[in-house]
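Below is one structure, written out as structure tokens; the observations come after it.
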């Protein structure tokens, strides 16, 4: 209670003191309060000045959003104390000040003994606005209990997750996914599939970085999502066990275990899952081309997924000195995935059913990933000077065997095709990074280097049954080994300072990108030209050197509201599967094909934001604009080829269009009308236009869309919590395709047990089974009406048990690799 009434006492006492001292010349005492572990500023920390000779005379104030304080007082001798909820109080007695002074940085350490008493910390830190990002603490979202990281990201404002797990930021799917600030095997090397294998309760917070500073990789025109994982920092042995079961059948077991002493911290996460995810879709293709034997083909697909996976992450942080530490960790993931797709095809000629086929695709994928990470951190001095170095090596190996069989069932039973596809995909990633931070009073200078070196090898072989001989024959026109290299070397520097109410962060990043592709295939020149077109080199080596400036400004209107302005330049590099020219075989008639002639896209983005806090309500908003040149666009066209039974083959291929302009606005509200009721909602509206043509077809278009989410959470008697999350994606379109709107609703109920050591949760994902993508594509020669559902409604029951780890404590894990844990707040002058 004393932490709540202190600001009121300070205001009252300082008023009387001001009257008594109005004839004296005051001095100014300034400084900054920061977290001892993360180095982040602590907003609303209380700074108290007590007159040492007259203890009843007290003055002081609270810190602003940057952790800074500024107090006016008369010259004299004072006792100083700095307090912040759930942190140890910092105190210093008998300090004499005869003139204005800057106390520099004062660091506070979390008070572990108080953490169990604080029940609202996780709720109050739901959103934090920084110079270059918004930070969302999602630790108490019970609708994702027993779910995965993709489920958790779907509840973050500005973020949308589509029915296939694809992630977009403000409607733009070119978003960079980082784990603890780095590309990682935990994020699947940029693929979102792996995020569906990681448990949601591993997340401490998500940083939405729409105006990234120069310290971040320039990749991702939409911005960056940085997923910060929990890391325990309590002395002794502690951890948790999480068990989940659900319908459709899925089971997950995850354990977290820590041993921490004053000298080292050993951490371990172990997890296993089994998941069955039924899905399906429907395509209705209508053809206007006179060359096509059929005028309509209907495809009905049922998909059955049966996946098993195991992952382990183990590491140790060793404290070399009070200011330096080294951290080493090893991550391993294994998964065995079996997907069975059954496709019923009805083919019509002149409006009558001509033939019917049944196609099965049985895909077995075995995936092994390893990652070795090393970090060195040196907090060089008490002023905040810091040096960090990181090295990371990741290796991913996938073996995929796909058997495809297609039979004609009408007018007679016969085998059409039998194929076996063998794929081996290997990827090596190396990351080397060094960062240096130099505080200079209220200013801060940073500089660093990052190098990422990626090699991806895709070995593809297609064998087709020769029904005449009964033997499988390798298709030399499609069998190939495609090797893709992406090497990026970057130097950056940035400078931040505060001038009165203005905070400024300026940065410049220099990046050199090398994209190199090599194809090893026995394909004749005519077949090659039909595959990729004329003047396209499958063996390429491209270099791009670019400067990427960033500017972020914040103006503090008051302690509770500010305006921000950001500008940054970004790059969108094509991934390996965007480049690989050899088509997929998921369908004989609808294929995806990469484009080896694809170049990176570049974007300039502007963001104007406003934030206001009231006692029970927080409001955030922004208006943004982005112009991207040579942007990627997926177009659908005829290939001019037909299957053996006369069906026209259609392909989808990415191309560089000339420009893509996007303008939008978003707003979010967090409101607590009562202690037991909490609501938050967000709305994002955007309009975009593209301008460009390909193969003589104009693909220019203008479209507007929006998405909105709303969440309401109730704390009921007997420590029961109820939560509902709803999401709506508005209709949208591009030059060829119109996509309908989509609504989904998640519900959850949780109960704390065994003196808060355990929590039992029941949640339903997609209550109305409505997360389905419905779209209509129209071209001059054909139309496609489609519906697709990745996963049906899911019901999960989850039980988590914590030992030596209070419930609220896990919401507070601020520790980052290399941070120190001083027992008391330290004065840094």
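The values are calculated or read from the model by the stated rules, or taken from the named source; none is laboratory data. Quick caveat, the model's predicted, so the values are computed rather than measured. Because the Cβ atoms are built from the backbone with ideal geometry, glycine has one as well, and the counts that use them run over all protein chains shown.
Overview of results
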read-out	value
Complete set of residues in the stretch 422-473 that are touching a strand residue (DSSP E or B) at 6+ places or on another chain (Cβ under 6 Å) and outside any strand (DSSP E or B)	442
Filter pass, residue 382 being closer than 30 Å to residue 433 by Cβ and surrounded by fewer than 15 Cβ atoms within 10 Å (Cβ to Cβ)	yes
Selected residue (criterion: farthest from residue 279 (Cα to Cα)) from residues of the stretch 297-316 that are under 30 Å from the mean Cα position of the chain (by Cα) and surrounded by fewer than 18 Cβ atoms within 10 Å (Cβ to Cβ)	316
Hits in the stretch 360-372 (condition: free of Cβ contacts under 8 Å to residues at least 60 places away in the same chain and either farther than 23 Å from residue 404 by Cα or surrounded by 17 or more Cβ atoms within 10 Å (Cβ to Cβ) (or both))	363, 365, 367, 368, 372
Any hit, the stretch 808-815, residues being more than 30 Å from residue 324 (Cβ to Cβ), under 27 Å from the mean Cα position of the chain (by Cα) and at pLDDT below 90	yes
Subset of the stretch 374-386 (residues that are free of Cβ contacts under 8 Å to residues at least 60 places away in the same chain and under 26 Å from the mean Cα position of the chain (by Cα))	374
Which listed residue, of 636, 690, 715, 702, is closer than 30 Å to residue 293 by Cβ and in the same structural domain as residue 600 (by TED's automatic domain parsing)	636
Qualifying strands (runs of 3 or more DSSP E) (wholly inside the stretch 260-340; at least 1 residues being free of Cβ contacts under 8 Å to residues at least 60 places away in the same chain and under 28 Å from residue 393 (Cα atoms))	264-276, 296-319
Candidate set from the stretch 72-86 (those that are in contact (Cβ under 8 Å) with a residue 40 or more places away in the chain and out of contact with any helix residue (DSSP H, G or I) (no Cβ under 8 Å at 6 or more places or on another chain)); member that is nearest to residue 28 (Cα to Cα)	72
Qualifying residue in the stretch 395-407 (condition: within 30 Å of residue 323 (Cβ to Cβ), crowded, with 17+ Cβ neighbours inside 10 Å and in contact with a strand residue (DSSP E or B) (Cβ under 9 Å, 6 or more places away or on another chain))	no
Those residues of the stretch 40-57 which are within 17 Å of residue 88 (Cβ to Cβ), part of a loop (DSSP other than H, G, I, E, B) and either modelled with pLDDT of 70 or more or in contact with a helix residue (DSSP H, G or I) (Cβ under 6 Å, 6 or more places away or on another chain) (or both), in sequence order	40, 42, 45
Filter result (free of Cβ contacts under 8 Å to residues at least 40 places away in the same chain and either closer than 26 Å to residue 429 by Cα or part of a strand (DSSP E or B) (or both)) within the stretch 396-415	397, 398, 399, 400, 401, 414
Matching option when the condition is surrounded by fewer than 16 Cβ atoms within 10 Å (Cβ to Cβ), at negative phi and either assigned by TED's automatic domain parsing to the domain that holds residue 492 or under 27 Å from the mean Cα position of the chain (by Cα) (or both), among 319, 264	264
Residues within the stretch 698-715 that are outside any strand (DSSP E or B) and under 19 Å from residue 683 (Cβ atoms), tallied	0
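This table checks each residue for (1) crowded, with 16+ Cβ neighbours inside 10 Å; (2) within 28 Å of residue 650 (Cα to Cα); (3) not assigned by TED's automatic domain parsing to the domain that holds residue 248.
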| residue | (1), (2), (3) |
| --- | --- |
| 731 | no, yes, no |
| 740 | no, yes, no |
| 746 | yes, no, no |
| 764 | yes, no, no |
| 768 | no, no, no |
| 773 | yes, yes, no |
